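Trainee: Have a look at the structure that comes next, please.
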Amino acid sequence: MHKPVTAEIISIGDELLYGQILDTNSKWLSEEMDKIGVRVKRKTTIGDDPQAMSQAFEAASKEVDIVLMTGGLGPTKDDLTKHVLADFFNASIKLFPKALEDVRIFFESRGRELTPTNQSQANLPSNCTYIQNAVGTAPGMWFEENGVAWMSMPGVPHEMKYLMENAVIPKIKEKFKLPVIYHKLIKTIGIGESWLSDKISEWEEQLPSHIRLAYLPSLGEVKLRLTAFGESLNTLIEEVNEQVIQLEPLISEYIYGYDKDTIASALGHQLVQRKESLAIAESCTGGYLTHVITSNPGSSNYYNGSIIPYHNDFKEQLLDVNPQTLSTKGAVSEETVIEMSKKVRLKFKSTYGLATSGIAGPGGGTDEKPVGLVWIACHDGENYRTRKLQLTKDRLINIQLTSTASLNLLRETILQNTK
């Protein structure tokens with residue numbers, strides 16, 4: 001196997017540290033490096049500070065094969081990247097005539113004056129290879145020093161992407177012998193990370209050294225990522241698929257999909273295949289569950305409609321929930337969500353009815369029914385399944401977790417009906 005080719009991404013700019021701008025560049029760069037077999041070893045964010053920049057450059061020069069930098073290339077005095085790079089490489093700043101001509105054409109094509117400040121964009125470190133930026137004025141700069149490739153790019157996302165796609169990635173492919181990396185995601189729900197780990201520990205221990213497993217937990221779900229390194233994509237796909245075949249019997253009841261599947265899209269596919277439909281009555285989730293379902297293209301093929309009776313009066317008026325149930329058991333109760341799921345299924349003439357009712361927070365809780373208490377139900381016309389959730393004190397997290405748990409309850413109901 002080839003020696004891994006590694007990279008560091010360095011994002012430059014005070015605005016990133018202040019939180020004024022979200023660093024989407026480094027995420028995109030990581031994805032593109034992964035596609036060509038380059039492992040991103042580290043991401044570093046630094047402000048417009050020459051000393052911090054020099055320290056970051058020095059550290060990167062000793063640890064990785066490729067350094068990708070974004071930001072700090074504008075024409076104003078606070079844009080310091082090219083001057084710090086010149087000092088770092090013991091180079092001078094000189095005028096690049098081709099860069100100046102490109103900047104001039106850029107401004108003339110837009111009917112704008114080329115000012116002395118903008119002309120300074122063509123002054124670059126003497127040891128760089130100038131890379132034309134056809135969609136902006138800040139030039140790209142490619143350096144090679146002691147076997148390390150460096151690329152400095154503007155922080156404007158569309159300019160950075162243009163340079164990467166048209167110049168940087170081709171140069172990296174030319175300079176380095178790159179391995180193949182293949183990822184496979186196994187999506188699970190209804191089981192925590194540690195329990196999942198216990199169930200598959202023996203399988204995990206027998207994985208070949210070139211196939212790695214990572215646990216990627218999120219709200220209500222855990223993704224298992226298998227990453228394989230090698231020289232043949234087809235071979236890696238076959239090897240990973242063999243491992244997945246061995247894994248599936250161990251956790252089949254928790255697997256809902258693979259790769260780009262979401263729990264909502266996977267359920268939608270099942271409902272279409274089974275020619276079944278869904279209706280939703282949601283209280284504490286306030287329409288979020290419906291949003292998750294309808295975010296998927298083609299959801300009209302299986303989703304019939306929702307009622308969001310946030311106030312108890314409308315649970316009675318719109319869903320015909322028994323007033324006595326509400327008065328004796330309360331809106332947040334198993335009895336109420338059972339009625340909600342049953343009645344919404346009937347109103348929308350659906351195969352399944354899902355219902356949620358709870359105390360999302362941060363207020364409204366009592367000793368008997370604290371913040372984070374949620375009841376959910378799924379009704380299929382003959383039987384129903386319910387679940388009591390005791391969640392957090394964070395309102396948004398509770399809404400998201402309830403929606404995920406409700407979809408999992410629907411998944412379990414479909415599985416039960418399949419048996």
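Trainee: Filter segment 50-95 down to the residues that are in contact (Cβ under 8 Å) with a residue 24 or more places away in the chain, open to solvent by 70 Å² or more (accessible area, probe 1.4 Å) and under 33 Å from the mean Cα position of the chain (by Cα), then identify the one that is farthest from Tyr130 (Cα to Cα).
Mentor: My answer is Glu63.
Trainee: Between a residue in segment 299-321 that is of a type in the set (Lys, Arg) and any residue that is in a loop (DSSP other than H, G, I, E, B), which pairs come within a Cβ distance under 9 Å, given they are 6 or more apart or on different chains?
Mentor: Lys315/Ser283; Lys315/Pro309; Lys315/Val321; Lys315/Ala331
Trainee: Would you tally the residues in segment 219-241 being touching a helix residue (DSSP H, G or I) at 6+ places or on another chain (Cβ under 7 Å) and outside any strand (DSSP E or B)?
Mentor: So the answer is 2.
Trainee: Among the numbered conditions (1) closer than 28 Å to Ala59 by Cα; (2) of a type in the set (A, V, I, L, M); (3) surrounded by fewer than 17 Cβ atoms within 10 Å (Cβ to Cβ), tell me where Met153 comes up short.
Mentor: (3)
Trainee: Right, here's the next one. Run Phe314 past the list (1) open to solvent by 50 Å² or more (accessible area, probe 1.4 Å); (2) assigned to a loop (DSSP other than H, G, I, E, B); (3) farther than 28 Å from Thr188 by Cβ and report the number of the one that doesn't hold.
Mentor: Single failed check for Phe314: (2).
Trainee: Considering only segment 107-122, state which residues are open to solvent by 50 Å² or more (accessible area, probe 1.4 Å) and either within 26 Å of Val84 (Cβ to Cβ) or not in a loop (DSSP other than H, G, I, E, B) (or both).
Mentor: Answer for segment 107-122, where residues must be open to solvent by 50 Å² or more (accessible area, probe 1.4 Å) and either within 26 Å of Val84 (Cβ to Cβ) or not in a loop (DSSP other than H, G, I, E, B) (or both): Glu108, Ser109, Pro116, Thr117, Gln119.
Trainee: I would also like to ask the following. Do you know which residues across segment 2-59 are among the hydrophobic types (A, V, I, L, M, F, W, C) and closer than 21 Å to Glu174 by Cβ?
Mentor: Of all residues in segment 2-59, those among the hydrophobic types (A, V, I, L, M, F, W, C) come to 5, 7, 9-10, 12, 16-17, 21-22, 28-29, 33, 36, 38, 40, 46, 52-53, 56-57, 59.
Selection gives Val5, Ala7, Ile9, Leu29, Met33, Ile36, Val38, Val40.
Trainee: Shifting gears a bit: Might you let me know whether segment 227-242 holds any residue that is small (Gly, Ala, Ser) and exposed (fewer than 13 other Cβ atoms within 10 Å of the Cβ)? Can you show your working first?
Mentor: Of the residues in segment 227-242, the ones small (Gly, Ala, Ser) are 228, 230, 232.
Still in the list and also exposed (fewer than 13 other Cβ atoms within 10 Å of the Cβ): 232.
Scanning segment 227-242 turns up at least one residue that is small (Gly, Ala, Ser) and exposed (fewer than 13 other Cβ atoms within 10 Å of the Cβ).
Trainee: Now for a different question. Is it true that Tyr182 is assigned to a helix (DSSP H, G or I) and within 26 Å of the chain's Cα centre (by Cα)?
Mentor: no
Trainee: Could I ask something else about it? Show me the strands (runs of 3 or more DSSP E) found entirely inside segment 349-411 where at least 2 residues are crowded, with 21+ Cβ neighbours inside 10 Å.
Mentor: 352-358, 373-379
Trainee: Just to be sure, is Arg274 basic (Lys, Arg) and farther than 15 Å from Ile186 by Cα?
Mentor: On the way: basic (Lys, Arg): yes; farther than 15 Å from Ile186 by Cα: yes.
Taking the combined requirement at face value, the residue satisfies it.
Trainee: Can you confirm whether segment 193-210 contains a residue that is surrounded by fewer than 19 Cβ atoms within 10 Å (Cβ to Cβ), in contact with a Lys or Arg (Cβ under 9 Å, 6 or more places away or on another chain), part of a loop (DSSP other than H, G, I, E, B) and modelled with pLDDT under 95?
Mentor: no
Trainee: So for segment 165-177 (the condition being part of a strand (DSSP E or B) and of a type in the set (A, V, I, L, M)), does at least one residue qualify?
Mentor: Scanning segment 165-177, I find no residue that is part of a strand (DSSP E or B) and of a type in the set (A, V, I, L, M), so the answer is no.
Trainee: Another one. How do the pairs read when you match residues in segment 175-201 that are over 27 Å from Arg39 (Cα atoms) with residues anywhere that are open to solvent by 60 Å² or more (accessible area, probe 1.4 Å) and among the acidic types (Asp, Glu), using Cβ under 8 Å and keeping only pairs 6 or more apart or on different chains?
Mentor: Gly190/Glu253
Trainee: Same structure again: Tell me which residues, restricted to segment 104-137, are under 20 Å from Pro170 (Cα atoms) and touching a Leu at 6+ places or on another chain (Cβ under 8 Å).
Mentor: Once the filter is applied, which keeps residues that are under 20 Å from Pro170 (Cα atoms) and touching a Leu at 6+ places or on another chain (Cβ under 8 Å), segment 104-137 yields Cys128, Tyr130, Ile131, Asn133.
Trainee: State whether the residues of segment 167-187 include one that is among the small types (Gly, Ala, Ser) and buried (at least 18 other Cβ atoms within 10 Å of the Cβ).
Mentor: Yes, that holds for at least one residue.
Trainee: Let me ask something else about it. Can you say whether Leu346 is farther than 20 Å from Ala405 by Cα, open to solvent by 60 Å² or more (accessible area, probe 1.4 Å), in contact (Cβ under 8 Å) with a residue 24 or more places away in the chain and assigned to a helix (DSSP H, G or I), as far as the supplied structure shows?
Mentor: no
Trainee: Now a separate question. Quick one: which of Asn304, Asn296 is closer than 16 Å to Ser341 by Cα and either in contact with a His (Cβ under 6 Å, 6 or more places away or on another chain) or not acidic (Asp, Glu) (or both)?
Mentor: Numbers: Asn296 fails: closer than 16 Å to Ser341 by Cα.
Criteria check complete, one pass: Asn304.
Trainee: Could you check how many residues of segment 253-277 are surrounded by 18 or more Cβ atoms within 10 Å (Cβ to Cβ), of a type outside the set (Gly, Ala, Ser) and either assigned to a loop (DSSP other than H, G, I, E, B) or over 27 Å from the mean Cα position of the chain (by Cα) (or both)?
Mentor: 1
Trainee: Something else about it: Would you point out the residue of segment 278-311, among those that are in a loop (DSSP other than H, G, I, E, B) and polar (S, T, N, Q), that is farthest from the chain's Cα centre (by Cα)?
Mentor: Ser283
The values are calculated or read from the model by the stated rules, or taken from the named source; none is laboratory data. Only a predicted model underlies this, so the values are computations on that prediction, with no experimental measurement involved. Glycine also receives a Cβ, built like all others from the backbone with ideal geometry; neighbour counts cover every protein chain displayed. Quick note on the areas: whole protein, heavy atoms, side chains included, nothing else; ligands and nucleic acids left out. Shrake-Rupley method; radii C 1.70, N 1.55, O 1.52, S 1.80 Å.
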